[in-house]
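The values are calculated or read from the model by the stated rules, or taken from the named source; none is laboratory data. Values in this document were obtained by computation on a predicted structure and should not be read as measured data. Here the Cβ is made from the backbone with ideal geometry for all residues, glycine too, and neighbour counts use every protein chain on show.
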Amino acid sequence: MLAVLAMLFVMFAGFWTDWLWYRSVKYSSVFTTTLWTKIGLFAVFGLLMALTVGLNIWLAHRLRPPLSAMSMEQQNLDRYRMGIAPYKKWVLLAITALVGLIAGASAAGQWRTWLMWLNGVPFGQKDPQFKMDVAFYAFDLPWYRFLLAFGFAATVLSLIAAALTHYLYGGLRVTSPGARATGAATGHLSVLIGVFVSLKAVAYWLDRYGLAVKSSDFKAAGNWTGLRYVDANAYLPAKTILFCIAVICALLFFATLWRRTWQLPVIGFGLMVLSAILIGGLYPAIVQKFQVDPNEQAKESPYIQKNIDATRSAYGIDDASVQDYGGKGDPDKKSEQRQAADTAASYRLVDPNVVSPAFQQLQQERKYYQFPSTLDVDRYKDADGKPQDTVVGLRELNITGIPKRNWINDHFTYTHGYGLITAKGSNTVTDENDGTVGAPDFTESGLPTSGQFKSYEQRVYYGEKTEQYSIVGGPQKELDYEKNGERTTSYRGKSGVDLSNPLNRAAYAVAFSEPQMLYSGAIGDGSRILYNRTPKERVEAVAPWLTIDGDAYPAVVDGRIKWIVDSYTTTNGYPYASRTTLGDTTADSLTDNQRAVVAQQNQVNYIRNSVKATVDAYDGTVELYQWDEKDPVLKTWMKAFPGSVKPKSDIAPDLMDHLRYPQDMFKVQRELLTRYHVTDPAQFYSGSDAWQVPDDPTTKDSNSVPPYYLSLKMPGQDDQKFSLTTTFTPNGRPNLGAFMAVDADATSPDYGKIRVLRVTSTVQGPQQVQSELNGVPEVAEFVRNLRGTDSDIEYGNLLTVPLEGGFLYIEPVYARGGSANYPLLKKVAVSYGGKPVFKDSLPEALNAVFGSEGGETTPPPGETTKPPATGDKEQTLQQAIDDAQKAYEQGEEALKKQDWEAYGKAQKDLQDALERAAQAESGAGSGGSGQGGSGSGSGAGDKESGSGSGSGDTGSDAGSGSASQASARPSEGAPERPSEEATSG
């Protein structure tokens with residue numbers, strides 16, 4: 001008895017703790033709706049199965065022949081009948097209960113199918129073959145298939161149970177001479193077989209519609225969904241014919257109630273089986289062999305077009321803009337290209353996939369804190385109020401780093417992380433960060449943090465790495481921080497479940513296998529248990545009908561750290577749309593267990609980023625916001641769970657600034673666009689223009705390159721847009737095939753607009769560019785120098801940017817090891833037009849690749865080089881003067897406010913500006929012109945004319961200019977650069 005009570009309490013503990021958790025997050029309606037749906041399905045279908053099987057056993061027993069008529073074979077079964085007789089009611093109950101429980105459990109697992117069928121919303125789109133709304137295939141057909149499968153199971157189990165009962169009680173004979181079955185047994189079993197054949201007729205009819213969502217292997221398209229020529233012209237009529245034959249065969253079986261003979265039903269059943277082989281198997285094979293194969297392209301073209309249209313619509317790529325793009329910039333427009341390069345993109349040299357160890361070393365502060373291995377990219381406004389790409393990382397609790405591990409420390413004292421650390425993502429890195437050159441330029445740092453954010457709640461109780469439970473708010477205090485150092489605190493949030501109730505403590509002690517919860521003095525009034533603490537867990541629990549993106553990211557919103565979790569609605573029932581496996585499609589070189597998409601092995605052929613979810617890092621509050629207001633799948637679930645999803649209009653402006661286009665959605669779309677950018681059936685069939693996602697050239701593993709967030713200008717755009725970008729290569733080739741970007745800024749009117757640049761000339765792809773960069777002599781020298789410092793080279797993200805008809809490749813290069821065991825940005829590699837360079841900074845690399853400064857072009861003998869342009873140095877001088885004046889004013893303003901941190905920064909900026917001004921002034925007024933061969937030149941030195949005089953040998957530097965001309969130069973855009981033929985002054 002005690003064992004039974006203990007088992008019952010364990011079951012109750014699981015149920016009770018689930019209920020308490022859902023109530024704590026204010027989504028108890030999700031729990032109750034799901035629970036009652038499962039209970040209802042379990043009860044209804046379990047009872048139906050039990051009654052069906054039990055009724056047929058009872059009926060077989062009732063129709064047994066009298067004992068006097070039994071044969072010797074049946075008389076030998078007397079001992080079995082006699083053994084069962086005293087317990088036959090219990091045996092009947094046991095059998096029916098067992099099949100009922102199994103059937104009920106199976107039906108309870110179909111709660112999603114039931115709710116979608118019950119609440120289905122029309123798509124407003126019809127399939128091209130049967131003219132049925134897509135909702136029929138997405139919501140109705142799966143439920144009908146389940147009912148059919150349940151009917152088959154019930155009929156087969158009833159047939160087996162009835163046959164055994166008839167045999168046991170003499171209705172059926174196997175070895176005895178004479179009639180093999182009594183008339184009653186014949187009629188009973190014939191009716192059951194007739195029901196089975198009737199269900200088969202229904203299956204044939206549903207199979208007709210199932211052809212629209214059937215997957216098959218089509219050599220011209222790979223994984224194929226929908227009808228092909230042979231389906232529409234052979235399988236479809238075959239299914240209709242087989243349906244009619246099955247109906248007739250079922251009637252013949254039912255007729256045995258009057259004609260007590262198996263002859264006609266058996267003949268009919270045999271004809272049905274033969275028809276299924278000939279009509280359903282052989283005939284389609286003949287059509288495929290002799291009609292389709294000789295002229296497959298022409299036969300399949302209409303069906304390929306349907307597949308293309310449906311797939312592009314189902315994955316949201318039907319509005320993708322594809323335009324031809326040369327890919328090779330004009331070699332005679334170097335100066336224009338150099339000028340355009342300054343504004344083409346916000347070049348993110350701080351790679352979030354590389355610099356996590358730098359965050360860890362410089363901002364960890366305590367051993368029991370940690371940052372994720374891959375950081376995130378977000379946007380925050382700089383000092384001028386302009387959006388700036390920012391690398392962010394949340395400082396979360398690392399339980400393995402606790403100095404002394406025990407139950408109290410693990411679950412009561414060390415309970416939360418602390419603060420969001422941010423660094424500039426663009427081409428700015430600190431000149432000096434604690435004596436280390438190349439470290440990230442942090443804009444929010446320290447413990448507690450300070451910097452660009454105003455006061456915000458820095459405690460992180462819910463995070464991606466926070467997987468253990470914590471008990472807070474009770475007698476035991478937690479470790480915390482303030483400006484003066486460590487202190488203790490007590491959680492004041494409202495999340496978690498109250499443990500002051502003895503029943504709750506006992507339930508959680510059982511559920512978590514922690515008996516100490518029952519008697520520990522650290523638990524008392526106000527104690528609350530926090531668990532299910534990762535953002536993915538919480539969103540998936542309150543919305544089990546969503547598929548969760550693999551990359552949740554944190555943002556400071558209205559004074560709180562909030563996790564933003566992109567979520568998807570999916571189905572695999574969109575007619576004609578090809579299916580994809582989410583886990584395979586979304587995998588890349590950065591995918592790990594933390595970043596894997598939830599339900600990754602799901603096969604889908606329709607996906608929408610329909611919900612934006614947030615999880616408060618302090619109190620765990622989960623908010624679901626409707627993002628795609630047209631998605632019928634989301635509308636269906638909102639009907640099933642009313643009130644669980646808030647309208648899009650409730651999204652606060654501060655939150656909207658941080659919403660972005662999700663990576664996993666983008667990866668699914670780019671995988672589909674490798675084939676479905678082609679809209680012509682003949683070209684699609686040939687596969688001549690198929691693309692592939694290239695492998696990441698910066699890693700040793702042969703995994704797909706990840707998409708990169710980057711603010712850039714696509715051709716035809718006037719301003720940079722926060723975008724998600726990727727590249728394609730032709731199938732089986734390394735050269736660049738296309739470039740794809742989507743507007744990722746949720747506040748943009750073009751949000752979600754996909755733009756694809758189809759490269760029309762032979763251009764180097766990422767792997768080729770990486771290979772050429774590795775061969776640059778400066779790289780070999782850099783690597784040799786690193787060996788002496790016990791450091792290794794580490795490549796950052798290889799960014800691709802469209803620029804003036806060509807593609808600019810930019811890659812940060814890090815050194816890792818030596819005295820600082822974390823990556824430091826040391827070099828920048830740049831390539832344009834097949835010319836790779838490797839320099840100390842981005843401006844220097846851009847100058848080198850476009851030949852604006854430091855050009856090594858030597859003029860032919862007898863020709864004179866063009867006079868060097870002077871605008872660059874003059875513009876630099878004027879810019880330095882302006883920066884110095886601005887820094888001085890900022891310093892005075894900070895001094896008035898006694899903001900010493902801002903004052904120190906202003907003084908540093910002032911010193912930097914003055915140094916730049918001095919350097920520009922020293923090189924602004926000297927120069928000359930050189931002549932190949934003799935190397936002589938002359939010019940007037942008048943101040944107003946801006947020319948100088950001088951002479952030099954071949955190979956000597958030449959230049960001219962005057963600092964006084966700076967004010968006469970254009971002030972808009974980037975400064976003018978010297979021509980490619982000129983040398984630096």
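Quick look at the values:
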| item | result |
| --- | --- |
| In region 746-777, the residues that are surrounded by fewer than 20 Cβ atoms within 10 Å (Cβ to Cβ) and part of a strand (DSSP E or B) | ARG758 |
| Test: ALA358 is out of contact with any strand residue (DSSP E or B) (no Cβ under 8 Å at 6 or more places or on another chain) and not assigned by TED's automatic domain parsing to the domain that holds ASP745 | no |
| Qualifying residue in region 13-28 (condition: more than 30 Å from LEU518 (Cβ to Cβ), of a type in the set (Gly, Ala, Ser) and part of a helix (DSSP H, G or I)) | no |
| Selected residue (only one of ALA780, ALA815 is in a strand (DSSP E or B), among the hydrophobic types (A, V, I, L, M, F, W, C) and at pLDDT below 90) | ALA815 |
| Region 621-641, subset in contact (Cβ under 8 Å) with a residue 40 or more places away in the chain and surrounded by fewer than 19 Cβ atoms within 10 Å (Cβ to Cβ), residue farthest from SER610 (Cα to Cα) | THR621 |
| Helices (runs of 4 or more DSSP H) within region 482-574 that include 3 or more residues outside the structural domain of VAL645 (by TED's automatic domain parsing), out of contact with any strand residue (DSSP E or B) (no Cβ under 7 Å at 6 or more places or on another chain) and surrounded by fewer than 23 Cβ atoms within 10 Å (Cβ to Cβ) | 502-511, 516-519 |
| Hits in region 484-493 (condition: out of contact with any Gly (no Cβ under 9 Å at 6 or more places or on another chain) and at negative phi) | ASN484, GLU486, ARG487, THR488, THR489 |
| So TYR303, is it under 24 Å from TYR204 (Cα atoms) and either surrounded by 13 or more Cβ atoms within 10 Å (Cβ to Cβ) or in contact (Cβ under 8 Å) with a residue 12 or more places away in the chain (or both) | yes |
| Evaluation of TYR144 against (1) assigned by TED's automatic domain parsing to the domain that holds LEU257; (2) closer than 24 Å to ALA238 by Cβ (one fails), failing number | (1) |
| Matching residues, region 359-408, being exposed (fewer than 15 other Cβ atoms within 10 Å of the Cβ) and part of a strand (DSSP E or B) | LYS381 |
| Meets criteria (surrounded by fewer than 19 Cβ atoms within 10 Å (Cβ to Cβ) and at pLDDT below 75) for PRO867 | no |
| Per-region count, region 605-620, residues crowded, with 24+ Cβ neighbours inside 10 Å and in contact with a Gly (Cβ under 7 Å, 6 or more places away or on another chain) | 1 |
| Residues of region 358-376 satisfying the condition of being under 24 Å from the mean Cα position of the chain (by Cα) and either polar (S, T, N, Q) or farther than 16 Å from THR390 by Cα (or both) | GLN370, SER373, THR374 |
| So LEU148, is it surrounded by 19 or more Cβ atoms within 10 Å (Cβ to Cβ) and part of a helix (DSSP H, G or I) | no |
| Qualifying positions in region 372-389 - free of Cβ contacts under 8 Å to residues at least 60 places away in the same chain and either closer than 15 Å to ALA358 by Cβ or in contact with a Leu (Cβ under 9 Å, 6 or more places away or on another chain) (or both) | LEU375 |
| LYS454 being surrounded by fewer than 14 Cβ atoms within 10 Å (Cβ to Cβ), assigned by TED's automatic domain parsing to the domain that holds THR422, within 22 Å of GLY559 (Cα to Cα) and among the charged types (D, E, K, R) | yes |
| Top-ranked residue in region 468-513 [being of a type in the set (Asp, Glu) and modelled with pLDDT under 90; ranked as nearest to THR413 (Cα to Cα)] | GLU486 |
| Qualifying residue in region 678-693 (condition: part of a loop (DSSP other than H, G, I, E, B), crowded, with 22+ Cβ neighbours inside 10 Å and outside the structural domain of ALA577 (by TED's automatic domain parsing)) | yes |
| Checklist (1) at pLDDT 95 or above; (2) over 26 Å from VAL44 (Cα atoms) applied to PHE150, failing item | (2) |
| Residue match in region 698-706 (condition: over 29 Å from ILE308 (Cα atoms) and not hydroxyl-bearing (Ser, Thr, Tyr)) | yes |
| Conditions (1) closer than 17 Å to PHE807 by Cα; (2) touching a Leu at 6+ places or on another chain (Cβ under 8 Å); (3) at pLDDT below 95; number of the one not met by TRP691 | (1) |
| Answer residue from region 699-718, given it is in a strand (DSSP E or B) and modelled with pLDDT of 90 or more and is farthest from the chain's Cα centre (by Cα) among those | LEU712 |
| Residue match in region 225-243 (condition: within 18 Å of TYR574 (Cβ to Cβ), within 28 Å of the chain's Cα centre (by Cα) and hydrophobic (A, V, I, L, M, F, W, C)) | no |
| Among the residues listed as LEU447, LEU479, the single one being surrounded by 18 or more Cβ atoms within 10 Å (Cβ to Cβ) and assigned to a strand (DSSP E or B) | LEU479 |
| Given (1) in contact with a strand residue (DSSP E or B) (Cβ under 6 Å, 6 or more places away or on another chain); (2) touching a residue at least 60 places away in the same chain (Cβ under 8 Å), index of the condition THR585 fails | (1) |
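The rows are residues; the columns are (1) within 26 Å of VAL472 (Cβ to Cβ); (2) touching a Lys or Arg at 6+ places or on another chain (Cβ under 7 Å); (3) not basic (Lys, Arg).
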site	(1), (2), (3)
ILE529	yes, no, yes
ALA541	yes, no, yes
TRP545	no, yes, yes
GLY550	no, yes, yes
ASP558	yes, no, yes
ASP566	no, yes, yes
THR570	no, no, yes
GLY583	no, no, yes
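Yes/no per residue for (1) aliphatic (A, V, I, L, M); (2) out of contact with any Cys (no Cβ under 7 Å at 6 or more places or on another chain); (3) within 23 Å of ILE57 (Cβ to Cβ); (4) in the same structural domain as MET132 (by TED's automatic domain parsing):
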position: LEU192; (1), (2), (3), (4): yes, yes, yes, no
position: VAL202; (1), (2), (3), (4): yes, yes, no, no
position: SER216; (1), (2), (3), (4): no, yes, no, no
position: TYR235; (1), (2), (3), (4): no, yes, no, no
position: PHE243; (1), (2), (3), (4): no, yes, no, no
position: THR261; (1), (2), (3), (4): no, yes, no, no
position: VAL266; (1), (2), (3), (4): yes, yes, no, no
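Yes or no, residue by residue, for (1) among the aliphatic types (A, V, I, L, M); (2) surrounded by fewer than 21 Cβ atoms within 10 Å (Cβ to Cβ); (3) not assigned by TED's automatic domain parsing to the domain that holds THR580:
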| residue | (1), (2), (3) |
| --- | --- |
| THR165 | no, no, yes |
| LEU168 | yes, yes, yes |
| ALA212 | yes, no, yes |
| THR225 | no, no, yes |
| ALA238 | yes, no, yes |
